[in-house]
Structures are given as structure tokens and as C-alpha cells.
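Trainee: Quick one: this structure, given as C-alpha cells, is what I'll be asking you about.
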Amino acid sequence: MSELDFFLDKSKLVGNDNQILSSTEFLTFLEKEDFEYVNVPSFNQLKDVQAGEAGIKNALVELDYAIAETGTVVIDSLNENKRLATCLAEKLFVVMPKSKLVSRLNDVADFIEERTSDMGGYVAFITGASRTADIERVLTVGVHGPKEMTVIILNDL
């Protein structure tokens, strides 16, 4: 099984929608959708907004790394608006250049050390939509993060 297949399998297990697109297909997708927050440096796309009391309906962010063994995305969230957008969006869309896929958590250790060595560093690990349960084991989705998550894998970056 390839690393990408492993990532897709793990990501699907936690309820994520995964789409594999070319850069051209992604640009077409970007034109059709209306995101409230966008941070996709690979395409020079930035639409910054601070989340208010109403939250954010949908956000689109580019990850820094993806971990195949867990289906997790890793995002440097030092920027407060980016951190709020990834936590408060009802629907979170994550752009994953295929070149940013690594096998294991240990493969991002240097990145984490670099980004968090200064006070105030913040790296988020997001594996899927937020889930929590109360004492009666009633599952609630979206309490501590997005209700839905889509990973857009760019197969040519």
C-alpha cells in the first residue's frame, strides 16, 4: 500500500471527504466555492478574516505536512486568525500538496521543534471533524472544531 493510499484510508476512517485534484482542477474548484477564510500560499490565495461570534461557515487552508500513519494534517497555526478559522469553521477544507505527505509523526519532529521553540509557537494536528461525547456516550460533532473536513490532495505539487 502506498503512503497516499494509507493516508486516504486513515482519513476516511475518521469521516473525512478526500478529493484528489490537479492544480488546474483545484483552481476551477476555487473559482466555484465562496470561502470566508483562505490561506493557500502555493497559489498566492489569501482571504483573511477574524472569526466573530457567528463563527466561520467554511475555511480553506494549506497544510504544512500530512502524516500517512494517522491521516492527520499538520498546520502551523501561529497566526491567530488562521488558528481560529481552522477551529471555528463549520466546514474545513485542507489543501494537501502530495509532496507534503510523510510516513510517520516522527518525520515532522524537526518542523515541530522549529515552529514551537519560541514562546507562542503553535502547531495544530487535525485528524478530522471534532467529536466529543457526554457521560451517556451521546456523540456530538463539531463542538471543539469543524463539523466536516475535506482534504484536497493536489497530485501535481
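The values are calculated or read from the model by the stated rules, or taken from the named source; none is laboratory data. Here the structure is a predicted model, which means the values were calculated and not measured. Methodologically, a virtual Cβ is constructed for each residue, glycine included, from the backbone with ideal geometry; neighbour enumeration extends over all protein chains shown. Areas reflect the complete protein model, heavy atoms only, side chains present, ligands, DNA and RNA absent. Shrake-Rupley method; radii C 1.70, N 1.55, O 1.52, S 1.80 Å.
Trainee: Near the amide H of Tyr65, under 5 Å away, which other amide H atoms are found, from residues 5 or more places off or on another chain, if H is placed in the peptide plane?
Mentor: For Tyr65, the qualifying residues are Val74.
Trainee: I need the Kirkwood Rh of segment 1-78: take the reciprocal of the average 1/r across all distinct C-alpha pairs and report it in angstrom. Walk me through the numbers before you get to the answer.
Mentor: Working: mean 1/r = 0.0701 Å⁻¹.
Taking every pair of different Cα atoms in segment 1-78, averaging 1/r and inverting gives 14.3 Å.
Trainee: Taking a quarter of the surface of the convex hull around the Cα atoms of segment 3-154, what do you get in nm²? If you can, show how the numbers build up before the last one.
Mentor: Details: hull surface 39.1 nm².
Result: 9.8 nm².
Trainee: Provide the net charge surrounding Ile20, with neighbours chosen by a C-beta distance below 12 Å and charges set as Lys +1, Arg +1, Asp -1, Glu -1. Before the final figure, lay out each step's value.
Mentor: Working: positive: Lys98; negative: Asp5, Asp17, Glu25, Asp156.
Within the 12 Å Cβ shell, the charges total -3.
Trainee: Here's another thing I want to ask about it. Within segment 1-108, what percent of beta bridges assigned by DSSP are antiparallel, to the nearest 5?
Mentor: Details: 7 of 18 bridges.
Of those bridges, close to 40 percent are antiparallel.
Trainee: Which residues among segment 25-66 fall inside the zone where the amide N is under 12 Å from a point 7 Å beyond the Cα of Glu90, along Cα→Cβ?
Mentor: The answer is 54-59, whose backbone nitrogens lie closer than 12 Å to the label point.
Trainee: Report the extension gain between Asp17 and Glu33 in nm, rounded to one decimal, defined as 0.36 nm multiplied by the number of residues separating them, less their alpha carbon distance.
Mentor: Working: separation 16, 0.36 × 16 = 5.76 nm, distance 1.60 nm.
Gain in length upon complete extension: 4.2 nm.
Trainee: Taking all protein chains in place and a 1.4 Å probe, what share, in percent, of the accessible surface of segment 3-154 do carbon and sulfur account for?
Mentor: Working: 3940 of 8350 Å².
Taking all protein chains in place, segment 3-154 shows 47 percent carbon and sulfur surface.
Trainee: So which lysines can Lys12 reach, going by Cα to Cα under 21 Å and dropping same-chain residues fewer than 8 places off?
Mentor: Lys91, Lys98, Lys100, Lys147
Trainee: Separate question: With every protein chain kept in place and ligands, DNA and RNA left out, what is the accessible area per residue of segment 3-154? Probe 1.4 Å, answer in Å².
Mentor: Numbers: 8350 Å² over 152 residues.
So segment 3-154 comes to 55 Å² accessible per residue, rounded to a whole number.
Trainee: How long is the gain from Glu80 to Ser103 if the chain were fully straight, where each residue apart is worth 0.36 nm and the alpha carbon distance is subtracted? Don't skip to the answer; put the middle values down first.
Mentor: On the way: separation 23, 0.36 × 23 = 8.28 nm, distance 2.84 nm.
Additional length available on full extension: 5.4 nm.
Trainee: Taking H placed 1.01 Å from N in the peptide plane, check which residues at least 5 places from Ile20 or on another chain put their amide H under 5 Å from its amide H.
Mentor: Here the answer is Ile153, since their amide H atoms fall under 5 Å of that of Ile20.
Trainee: Okay, next question. In square angstrom, rounded to the nearest 10, how much accessible surface does Tyr65 have for a 1.4 Å probe?
Mentor: Surface accessible to solvent at Tyr65 totals approximately 60 Å².
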